[in-house]
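Undergrad: So that we are looking at the same thing, I have put the structure below in structure tokens.
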Amino acid sequence: MLHEDSHLSDRDLLLWADGELSPQRAAGLRQHLSACWTCRARMAEQERAIADFVQLYRRELDAQLPPADGPRALLRARIAERTALPGVGRSVWLNRMRPVRAATVLATLLLVTGAAIRIAQHGNHAAWNMGAMGAIPNVRLTPGATDPIGMQDVCSANVSTNDPAVPDPLKREVLREYGLHDVPGNAYEIDYLVTPQLGGAANIRNLWPQPSLHTVWNARVKDALEDRLHYLVCSGQLDLSTAQREISQDWVAAYKKYFRTDQPLHEHSGRTRFRASPAG
Amino acid sequence: MSDTPNDSTLDIRLLAAAARRHSAKPRLEDEIAELFDQWRGSLLRYLSTFGLSQHDGEEVVQEVFLSLFSHLQKGKARTNLRGWLFRVAHNLALKRRDAERKGMGIAADVDSLPHPALNPEEELASNQRQRRLSAILRALPEQDRRCLYLRAEGLRYREVGEVLGMSLGSVAASLERSLARFQRADKR
């Protein structure tokens with residue numbers, strides 16, 4: 001039994017406050033504290049020291065913490081990649097991108113963070129822009145992501161003009177992220193925002209469900225823009241990073257700019273080549 | 001005989017389906033996502049104390065949860081996942097920091113660690129007392145600082161000890177020593 005004149009040690013006070021004592025010992029300390037103002041005052045000083053430290057520790061960090069949406073989606077996509085059967089739906093592009101995955105993730109996070117800041121600044125937490133029939137992806141979910149590749153890679157004669165197939169688990173993850181459940185398989189195509197032809201990365205931050213042909217600004221029109229930008233980049237008329245930025249920020253605006261038209265050209269709307277992966 | 005189910009058969013099927021849905025285990029991916037939401041902030045905060053940038057911290061957190069996915073997928077123990085997460089994050093952060101230092105030719109001097117509360121802008125903006133507290137924190141040995149950080153993230157003494165490889169008594173002694181220094185800040 002502790003008495004008022006024996007007082008508790010700092011260690012006892014700390015262990016008691018942190019709930020690290022046995023119930024029996026804790027009961028003894030509680031009884032002493034109820035009688036001893038000196039020990040309670042010392043415990044208050046200790047609590048103040050804890051509060052000082054916690055304030056110091058958390059002051060700036062909590063305010064700087066970016067939203068979890070992007071990193072969580074990235075984690076889900078990486079888990080989906082791991083659980084996918086090896087080799088299924090994996091293209092030459094994806095195999096080429098394996099060595100630079102860490103850099104891709106970093107680039108993605110940078111873009112995600114930038115997008116989050118843009119959203120925070122404009123107070124725009126609206127979901128996918130259904131008013132535009134989903135022609136433009138939600139910047140929060142699909143800010144675009146690129147691999148660190150150079151002009152030589154982009155303009156090499158060996159580069160495939162077909163986008164790599166998107167693995168099924170990743171497609172499902174993209175649809176889930178956009179809240180699209182039980183949609184017909186031909187209603188959407190999972191498309192790359194920045195095409196791999198221009199260094200676009202094969203990860204969820206660069207993929208979105210693009211509505212099929214019933215919209216004006218559909219996948220075929222975007223294909224035409226991608227070809228145009230690729231030509232301009234490889235003929236030295238446009239910087240690669242500018243092309244990547246413009247197509248990721250607003251590909252419809254980029255189309256209007258580079259084809260000098262407000263509506264898709266007839267020959268582009270009627271194109272037959274398809275590069276995006278059906279969603280279903 | 002018709003294949004069309006009558007009402008009672010349909011009811012039974014619906015009930016069975018509902019029961020299956022009700023008893024279905026959550027998918028491991030969803031569980032991981034929930035844990036990610038729960039612990040990402042704490043882990044990022046702790047990782048920043050190693051001097052890692054926010055982007056590096058995010059990448060380490062991704063590695064931690066991918067490891068957790070593999071861990072649980074193999075059917076390994078689910079006890080004390082919080083301690084497990086911090087232990088893996090701690091070890092990955094140490095590796096990354098050491099690799100960066102080797103790459104930059106910097107000696108492993110723990111006391112020269114950048115600390116989020118100690119950047120120049122903050123130093124200027126802080127009042128005198130906060131600067132004094134910052135100086136006290138900076139002067140603590142790294143192990144003592146880590147005990148404080150982990151305890152502030154809600155880890156019990158046993159978990160702190162597991163992350164840092166210390167006994168329970170050493171954790172208690174470390175915390176007591178550090179708090180006593182903070183308490184003396186106002187008595188000088």
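Undergrad: Could you work out the mean count of beta carbons from other protein chains within 10 Å of each residue's beta carbon in A:37-46?
TA: Counting Cβ atoms of other protein chains within 10 Å of each residue's Cβ and averaging gives 1.
Undergrad: Charges only on Cβ, +1 for Lys and Arg, -1 for Asp and Glu: so what's the dipole of segment A:10-64 about the Cα centre, in debye to the nearest 20? Intermediate values should be presented prior to the final figure.
TA: Numbers: 8 positive and 9 negative charges, 46 e Å.
Rounded to the nearest 20 debye, it is 220 debye.
Undergrad: Of A:THR261, A:THR215, how do they rank once you tally other Cβ atoms within 10 Å and put the fewest first?
TA: Details: A:THR261 11, A:THR215 14.
Going from least to most buried by this count: A:THR261, A:THR215.
Undergrad: By count of other Cβ within 10 Å, fewest leading, how are A:TYR178, B:TYR46, A:TYR188 ordered?
TA: Sorted ascending by nearby Cβ count, the order is A:TYR178, A:TYR188, B:TYR46.
Undergrad: Taking beta carbons within 10 Å but only from partner chains, what does the mean come to for residues B:59-68?
TA: 3
Undergrad: How do A:VAL139, A:VAL174, A:VAL216 rank when sorted from fewest to most other Cβ atoms within 10 Å of their own Cβ?
TA: Details: A:VAL139 23, A:VAL174 26, A:VAL216 13.
Listing A:VAL139, A:VAL174, A:VAL216 from fewest to most nearby Cβ atoms yields A:VAL216, A:VAL139, A:VAL174.
Undergrad: Mind checking the dipole of segment B:27-108: about its Cα centre, +1 per Lys or Arg Cβ, -1 per Asp or Glu Cβ, Debye to the nearest 20?
TA: Using only the charged Cβ atoms, the result is roughly 420 debye.
Undergrad: May I pose another question? Using just the C-alpha positions of segment A:10-64 as equal point scatterers, what log10 of I(q)/I(0) does the Debye formula give at each q in 0.23, 0.29 1/Å?
TA: -0.86, -1.12
Undergrad: If you place +1 on the Cβ of every Lys and Arg, -1 on the Cβ of every Asp and Glu, and leave all else neutral, what size is the dipole of segment A:189-246 about its Cα centre, to the nearest 20 Debye?
TA: Magnitude of the dipole: close to 80 debye.
Undergrad: Choose one of A:SER22, A:LEU56, A:GLN46: the residue whose Cα lies farthest towards the positive end of the charge dipole of segment A:10-64 (beta-carbon charges +1 Lys, Arg; -1 Asp, Glu; about the Cα centre).
TA: So the residue we want is A:SER22.
No value in this document is a laboratory result; all are computed from the given coordinates. Because the structure is a prediction, the values reported are computed rather than measured. A quick note on method: Cβ atoms are made from the backbone with ideal geometry, for glycine too, and the neighbour counts reach across all protein chains shown.
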